[in-house]
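Below is one structure, written out as structure tokens; the observations come after it.
The values are calculated or read from the model by the stated rules, or taken from the named source; none is laboratory data. Please read all numbers here as calculations on a predicted model, not as lab measurements. Note: ideal-geometry Cβ built from the backbone for every residue, glycine included; neighbour counts use all protein chains shown.
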Amino acid sequence: MKALITGASSGLGRDMARLLSEKGYDIIAVARRKDRLSELKNELKTNVETVVADVTDIKQCEMLAEYAKDVDVLINNAGFGVFGDFSSTGLSDELRMLDTNVRAVHILTKLFVKEFEKKNSGYILNVSSLASFFPGPLFSSYYASKSYVLRLTQAVAEEQRRKKSNVKLSVLCPGPVHTEFSEVAKVSFGTGTEKAGKTVILPSRDVAEYAIKKMFKGKQVIIPGAVMKIAAFLRHILSDKLLAKSAYTIQSKKCITK
């Protein structure tokens, strides 16, 4: 048994690698930081192959798919966010984010679905966000990118179902998680969320464990935490306009880090 995980050098990707290794899976760990990958390799007890790659490069994605034809699980975890008013954020940063969050996920999902179809087995877990359900002023491009991941996964999963395929696709939609995401996005989730308690910002390990458990059970949309499930349900009740207003209020309370 073997799993390929992008963004495996930290956060959810690293914890998913740990959990799958504990289940006996060999790991192909993909990220840009060689030192972090080496640390992970030394930590895990199953066989770990480390691949330093930039998934925004289509050639490197194709290389990964060719190199990892024998994997049983693909986890598209690499991603980051760009915070700020849309007219003020850097275009180059947003395009790099879209290449990572959308383009890379699209390419790898397509390439591995084709391979998994040939053997009629395999699991794909695409990491999205609770943000995928809502409009996201002040995080507009990030929210939109995660909506793409959610809808792509749902659509391809239905295609596989109608083919009576054993290829299973799931999408993870967590709320705030204790990872390096906030550092990369240059934003602090401390304001407003700490008061709600530890149930709002979930530990990365707990989210990873829940996601893998549900993935193997064939759950299509995975939302960890009761509070986040309630938040996702609200989209069925409130108008998009009201959701956008509420999202703006929440986002504006986040502290921009230096």
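Every residue in segment 205-216 that is touching a strand residue (DSSP E or B) at 6+ places or on another chain (Cβ under 6 Å), buried (at least 21 other Cβ atoms within 10 Å of the Cβ) and more than 14 Å from GLY122 (Cα to Cα), please. Show your work before the answer.
Quick first cut of segment 205-216, residues touching a strand residue (DSSP E or B) at 6+ places or on another chain (Cβ under 6 Å) only: 207, 211, 214-215.
Add one more test, that the residue is buried (at least 21 other Cβ atoms within 10 Å of the Cβ), and what stays is 207, 211, 215.
Passing the criteria: VAL207, ALA211.
Among the residues of segment 6-35, those that are more than 19 Å from SER128 (Cα to Cα) and modelled with pLDDT under 95 comprise ARG32, ARG33, LYS34, ASP35.
Out of segment 15-58, which residues are within 21 Å of the chain's Cα centre (by Cα) and of a type in the set (Ser, Thr, Tyr)? SER21, TYR25, THR50, THR56 - these are the residues of segment 15-58 that are within 21 Å of the chain's Cα centre (by Cα) and of a type in the set (Ser, Thr, Tyr).
Looking across ARG96, ARG103, one residue alone is modelled with pLDDT of 95 or more, surrounded by fewer than 17 Cβ atoms within 10 Å (Cβ to Cβ), outside any loop (DSSP other than H, G, I, E, B) and at negative phi. It is ARG96. Does ALA68 meet the test of being more than 19 Å from GLU209 (Cβ to Cβ) and either touching an Asp or Glu at 6+ places or on another chain (Cβ under 8 Å) or modelled with pLDDT under 95 (or both)? The answer is yes for ALA68.
To keep it simple, each residue is scored yes or no on (1) exposed (fewer than 15 other Cβ atoms within 10 Å of the Cβ); (2) of a type outside the set (S, T, N, Q); (3) in a helix (DSSP H, G or I).
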site: VAL55; (1), (2), (3): no, yes, no
site: GLN60; (1), (2), (3): no, no, yes
site: MET63; (1), (2), (3): yes, yes, yes
site: VAL71; (1), (2), (3): no, yes, no
site: LEU74; (1), (2), (3): no, yes, no
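Checking each residue in segment 217-244 for being over 19 Å from PRO176 (Cα atoms), exposed (fewer than 15 other Cβ atoms within 10 Å of the Cβ) and either modelled with pLDDT of 90 or more or not hydroxyl-bearing (Ser, Thr, Tyr) (or both) picks out LYS217, GLY218, HIS236, ILE237, LEU238, ASP240, LYS241, LEU242.
Just a yes or no: is a residue in segment 91-99 within 27 Å of VAL227 (Cβ to Cβ) and touching a residue at least 12 places away in the same chain (Cβ under 8 Å)?
Residues of segment 91-99 that are within 27 Å of VAL227 (Cβ to Cβ), as a first pass: 97.
Imposing the further condition that a residue be touching a residue at least 12 places away in the same chain (Cβ under 8 Å) reduces the set to 97.
Taking every residue of segment 91-99 in turn, at least one turns out to be within 27 Å of VAL227 (Cβ to Cβ) and touching a residue at least 12 places away in the same chain (Cβ under 8 Å).
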